[in-house]
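The values are calculated or read from the model by the stated rules, or taken from the named source; none is laboratory data. As the structure is a prediction and not an experimental result, all values here were calculated from the model. When we count neighbours, we look across all protein chains shown, and the Cβ atoms used for this are built from the backbone with ideal geometry, even at glycine. Note: accessible area is taken over every heavy atom of the protein model, side chains too, but ligands, DNA and RNA are not part of it. Shrake-Rupley method; radii C 1.70, N 1.55, O 1.52, S 1.80 Å.
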Amino acid sequence: MKRTGAGILIIALVIGAVVGFVVDTMLTAMGRTTFSPAASLPTILVLLGAVVVVLAVPIFRASRGRSGQRIDPFRALRIAMLAKASSLLGAVAAGFAAGLLGFLLTRPVTPSIGSMGSIIATLAAGAVLVVAGLVAEQLCTIRKDDDDDTPGNTPAGPVGA
């Protein structure tokens, strides 16, 4: 599994921003009110980030020999994949909120503070989720052994050969 790169996060951010802007444009064109995320969304995103990091800490401790507890490698992989998915979700959510905010700021009429606050909070919470996902992904990686010439090689040959 490759680590989450900046390129994929930027692509997810841009896609989310375009979708957010288009959604608000379409709603306004149909004569409806603009989209405003629920007030609970930022809280849920931040809590998800906290849960992902908390799940990754035992993996980190076990892989560094700081804990006598043995960790199932499949569990570690699942948590690493959850961390990767969380960072992508955070990027899309932050992008979506940025698209909504961009739409509101380009309108001639000043939007209400309540809807702007919810959008800004969602943008910030999405950024927090990206950081939490990247931190958890880093915590789930194992160190390369000093005697390994390349990761994945075993005495019997490369893994999967």
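When the residues of the stretch 29-60 are narrowed to those that are touching a residue at least 40 places away in the same chain (Cβ under 8 Å) and not aliphatic (A, V, I, L, M), which ends up farthest from VAL128 (Cα to Cα)?
Top of the filtered list is THR34.
Criterion first (loosely packed, with under 13 Cβ neighbours inside 10 Å, more than 14 Å from the chain's Cα centre (by Cα), within 15 Å of GLY20 (Cβ to Cβ) and among the charged types (D, E, K, R)) does ARG66 satisfy it?
It is false that ARG66 is loosely packed, with under 13 Cβ neighbours inside 10 Å, more than 14 Å from the chain's Cα centre (by Cα), within 15 Å of GLY20 (Cβ to Cβ) and among the charged types (D, E, K, R).
Scan the stretch 35-45 residue by residue and report those that are in a helix (DSSP H, G or I) and open to solvent by less than 90 Å² (accessible area, probe 1.4 Å).
Correct list: SER40, LEU41, PRO42, THR43, LEU45.
Looking at the stretch 84-94, is at least one residue open to solvent by 50 Å² or more (accessible area, probe 1.4 Å), modelled with pLDDT of 95 or more and of a type in the set (Gly, Ala, Ser)?
Yes, the stretch 84-94 has at least one match.
For the list (1) surrounded by 15 or more Cβ atoms within 10 Å (Cβ to Cβ); (2) closer than 23 Å to LEU89 by Cα, I need the number of the one condition that VAL54 fails.
(1)
All but one of (1) of a type in the set (A, V, I, L, M); (2) under 23 Å from THR141 (Cβ atoms); (3) open to solvent by less than 70 Å² (accessible area, probe 1.4 Å) hold for ILE10; state the number of the condition that does not hold.
Answer for ILE10: the failing condition is (3).
Would you point out which residue out of ARG61, ARG32 is part of a helix (DSSP H, G or I), surrounded by fewer than 16 Cβ atoms within 10 Å (Cβ to Cβ) and of a type in the set (Lys, Arg)?
After applying the criteria, what remains is ARG61.
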